[in-house]
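K.L.:
Before I ask anything, here is the structure I am working with.
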Amino acid sequence: DGGITQSPKYLFRKEGQNVTLSCEQNLNHDAMYWYRQDPGQGLRLIYYSQIVNDFQKGDIAEGYSVSREKKESFPLTVTSAQKNPTAFYLCASSWTSASGNTIYFGEGSWLTVV
Amino acid sequence: QQQVKQSPQSLIVQKGGISIINCAYENTAFDYFPWYQQFPGKGPALLIAIRPDVSEKKEGRFTISFNKSAKQFSLHIMDSQPGDSATYFCAALSRKTSGSRLTFGEGTQLTVNP
């Protein structure tokens, strides 16, 4: 089935650890995105990428890093510099044509600091 | 800076009633306005979307009304059903040379009582 796959669904991080969330899409979309969701704050953009080997910071990039080595993959690393990483993380992808930009989301990953 | 403001934060409607959620934006560069529906623990799913050259779009029980001069748009859910109980997000798309990005409202938690 075509879609966006995020893994793991649940992840626990100890203080001082880096963790990486995986995002893979087989929709042949050019653009990929990472959003963070906290209760009552909607979705906030962390990083986005329009093409392979290029990505841009979103509104809350501090403490996060990404890579885009392949079109279908856009992993997010939550570093120890992110002081409040407990949240629901959502990966998304879309076409980049000027006529439309429907953005599709994965099922999300829950990250908890223990 | 909150560029898309959504209200109300929560909404309770009786089965068969009309649910109305409102959004306002500031950036006139936004050119695509989708609404997403999210169930607990799941990623948001596109519900309906509108472009600013159209004042209304209807798909089944869901209608978007768009007022470009007031920079406001709203979602109307007719004949609301308990299965519509979810969190709804409005969003607005801006396009830059670095890529397109969605800005989300803070969300409305809708409860439809049977």
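K.L.:
For the pair B:T111 and A:Q56, what calculated FRET efficiency results from E = 1/(1 + (r/R0)^6), where r is the Cβ-Cβ distance and R0 = 35 Å, to the nearest 0.05?
P.N.:
The pair A:Q56/B:T111 has a calculated efficiency of 0.40.
K.L.:
Starting from the residue with the highest accessible area, list A:E69, B:E106 in decreasing order, probe 1.4 Å.
P.N.:
Heavy-atom accessible area, descending, gives A:E69, B:E106.
K.L.:
Separate question: Quick one: ranking B:I12, B:I18, B:I48, A:I60 by accessible area, 1.4 Å probe, largest first, what do you get?
P.N.:
Sorted descending by solvent-accessible area, the residues read B:I12, B:I18, A:I60, B:I48.
K.L.:
Would you mind pulling out the separation of the Cα centroids of the range A:21-62 and the range B:47-108, in Å?
P.N.:
The distance from the Cα centre of the range A:21-62 to that of the range B:47-108 comes to 21 Å.
K.L.:
For chain B, what's the relative contact order in percent, using C-alpha pairs closer than 8 Å and at least 6 residues apart?
P.N.:
Value for chain B: 36 percent.
K.L.:
Counting pairs on different chains as well as pairs 8 or more places apart, how many Lys pairs in chain A have Cα atoms under 20 Å apart?
P.N.:
4
K.L.:
Now for a separate question. So, with +1 on the Cβ of K and R and -1 on the Cβ of D and E, and no other charges, what is the size of the charge dipole of the protein assembly as shown about its Cα centre, to the nearest 20 debye?
P.N.:
Around 220 debye, computed over the protein assembly as shown.
K.L.:
Moving on to the next point. Please quote Rg/Rh for the protein assembly as shown to two decimal places, taking the Kirkwood radius as Rh and restricting both calculations to Cα atoms.
P.N.:
Rounded to two decimals, Rg over Rh is 0.97.
K.L.:
Using only C-alpha positions, report the orientation-averaged shadow area of the convex hull of chain A, nm², one decimal.
P.N.:
7.1 nm²
K.L.:
Using the Cα centre of the range B:1-91 as the reference point, and only Cβ charges (+1 on K/R, -1 on D/E), how large is the resulting charge dipole? Debye, rounded to the nearest 20.
P.N.:
Using Cβ point charges on Lys, Arg, Asp and Glu, the range B:1-91 gives about 60 debye.
K.L.:
Rank these residues by their accessible area, most exposed first, probe 1.4 Å: B:R95, A:R36.
P.N.:
B:R95, A:R36
K.L.:
If you take the accessible area of B alone, add that of A alone, and subtract the area of the pair, what total do you get in Å², probe 1.4 Å, to the nearest 100?
P.N.:
1900 Å²
K.L.:
List the relative contact order of the range B:66-114 as a percent without decimals, with contacts defined as Cα pairs under 8 Å and 6+ residues apart.
P.N.:
Worked out over the range B:66-114, it gives 38 percent.
K.L.:
Most mobile of A:T102, A:T79, A:T20 per a Gaussian network model of chain A (Cα springs, under 10 Å)?
P.N.:
Of A:T102, A:T79, A:T20, the most mobile in the Gaussian network model is A:T102.
K.L.:
If I build a Gaussian network model for chain A, linking alpha-carbon pairs within less than 10 angstrom, which residue out of A:P75, A:P39, A:P85 has the largest mean-square fluctuation?
P.N.:
Largest GNM mean-square fluctuation: A:P39.
K.L.:
Along the principal axes of its C-alpha atoms, what lengths does chain B span, in descending order and rounded to whole Å?
P.N.:
47, 30, 22
K.L.:
Moving on. Check cross-link reach from B:K96 to the aspartates and glutamates: straight Cα distance under 19 Å, and skip same-chain residues fewer than eight apart.
P.N.:
The qualifying aspartates and glutamates are A:D30, A:D54, A:D59, B:E26, B:D31.
The values are calculated or read from the model by the stated rules, or taken from the named source; none is laboratory data. In this text the structure is predicted, and so the values were computed from the model without any measurement. For neighbour counting, all protein chains shown are included, and Cβ atoms are generated from backbone atoms with ideal geometry for every residue, glycine included. The area values use the complete protein model at the heavy-atom level, side chains included, leaving out ligands, DNA and RNA. Shrake-Rupley method; radii C 1.70, N 1.55, O 1.52, S 1.80 Å.
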